[in-house]
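A short worksheet on the structure shown next.
The values are calculated or read from the model by the stated rules, or taken from the named source; none is laboratory data. The structure presented is a predicted model; accordingly, all values stated were derived computationally and were not measured. We place every Cβ from the backbone using ideal geometry, glycine too, and count neighbours over all the protein chains shown.
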Amino acid sequence: MPQMTIEQFRRSLAGAQPPDLAPLLRALWHDASGDWERAHSIAQDIDDDSASWVHAYLHRKEGDQGNAAYWYRRARKPVATDSLDDEWARIVMALLD
């Protein structure tokens, strides 16, 4: 079965529910669909570097830079300085890979 592309992922945002995705991709789907709380709930329940990266992005989006910096350290990633949209796309592409 072919891997989903970021374009397909973006198109899925028009739906009422996320497609069958891994939990962190589902979190980013909910974030892009305007449900930050649900995205955060999913990310905080997973303990690995990728979840820490999603968690960092979510706190950056929320405006909590101190908490975001903590999660970037946990993710072993530099604090993002590009746009939130660019970081979201970078994380989605990394998780789809």
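Observations on the structure shown:
- Residue match in the range 60-81 (condition: assigned to a helix (DSSP H, G or I), charged (D, E, K, R), under 15 Å from His30 (Cβ atoms) and under 15 Å from the mean Cα position of the chain (by Cα)): yes
- Tallying residues that are in a helix (DSSP H, G or I) and surrounded by 12 or more Cβ atoms within 10 Å (Cβ to Cβ) within the range 24-48 yields 17.
- Pro2 being at pLDDT below 95, part of a loop (DSSP other than H, G, I, E, B) and either of a type in the set (Gly, Ala, Ser) or out of contact with any Ser or Thr (no Cβ under 8 Å at 6 or more places or on another chain) (or both): yes
- Check on Ser50, touching a Leu at 6+ places or on another chain (Cβ under 6 Å) and not hydrophobic (A, V, I, L, M, F, W, C): yes
- Scanning the range 47-97 for residues that are among the aliphatic types (A, V, I, L, M) and more than 22 Å from Met4 (Cα to Cα) yields Ala56, Leu58, Ala68, Ala69, Ala75, Val79, Ala80.
- Residue within the range 81-88 that is more than 16 Å from His40 (Cβ to Cβ) and among the hydroxyl-bearing types (Ser, Thr, Tyr) present: yes
- Every condition in (1) assigned to a helix (DSSP H, G or I); (2) in contact with a Ser or Thr (Cβ under 8 Å, 6 or more places away or on another chain); (3) not hydroxyl-bearing (Ser, Thr, Tyr) is met by Arg10 except one, and the failing one is (2).
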